[in-house]
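Have a look at the structure below before the remarks.
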Amino acid sequence: MASNRLRRVAKELADIQNDTQSKIFCEAADGDLSHLHASFPGPPDTPYEGGTYVVNITIPNEYPFRPPVMKFQTKLWHPNVSSQTVCMP
């Protein structure tokens, strides 16, 4: 039987798939609900419009009491992030 955490993640994935207006794509990586791959389009009327942004998501064992860890795979620029900083994978 699946844990409450995995049932919740599965329900949230189904909610994302049923929401066709947001254009968010999210799926379990290699069938593992604790590791997700997601992508979404850049918001309209922003410098990010026209881009597709890919994110790796790790769901901790304590979810939903601890938030998911999200890391952008797509390189992007943000004014609050230094281009001189090295990000560890």
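The values are calculated or read from the model by the stated rules, or taken from the named source; none is laboratory data. Everything numeric in this text was worked out from a predicted model, so none of it was measured. Cβ: placed from backbone, ideal geometry, glycine included. Neighbour counts: every protein chain shown. All accessible areas refer to the heavy atoms of the entire protein, side chains included, with ligands and DNA or RNA removed. Shrake-Rupley method; radii C 1.70, N 1.55, O 1.52, S 1.80 Å.
Looking at segment 48-60, can you tell me whether even one residue there is in contact with a Gly (Cβ under 9 Å, 6 or more places away or on another chain), at pLDDT 90 or above, open to solvent by 60 Å² or more (accessible area, probe 1.4 Å) and assigned to a loop (DSSP other than H, G, I, E, B)?
Yes, segment 48-60 contains a residue that is in contact with a Gly (Cβ under 9 Å, 6 or more places away or on another chain), at pLDDT 90 or above, open to solvent by 60 Å² or more (accessible area, probe 1.4 Å) and assigned to a loop (DSSP other than H, G, I, E, B).
Of the numbered conditions (1) more than 12 Å from the chain's Cα centre (by Cα); (2) in a loop (DSSP other than H, G, I, E, B); (3) within 22 Å of Ala14 (Cα to Cα), Pro43 fails exactly one; give the number of that condition.
Condition not satisfied by Pro43: (3).
State which residue pairs qualify: first residue in contact (Cβ under 8 Å) with a residue 60 or more places away in the chain and closer than 30 Å to Arg5 by Cβ and inside segment 40-62, second residue open to solvent by 80 Å² or more (accessible area, probe 1.4 Å) and among the aliphatic types (A, V, I, L, M) in any location, beta carbons under 9 Å apart, and separation of 6 or more residues or different chains.
none
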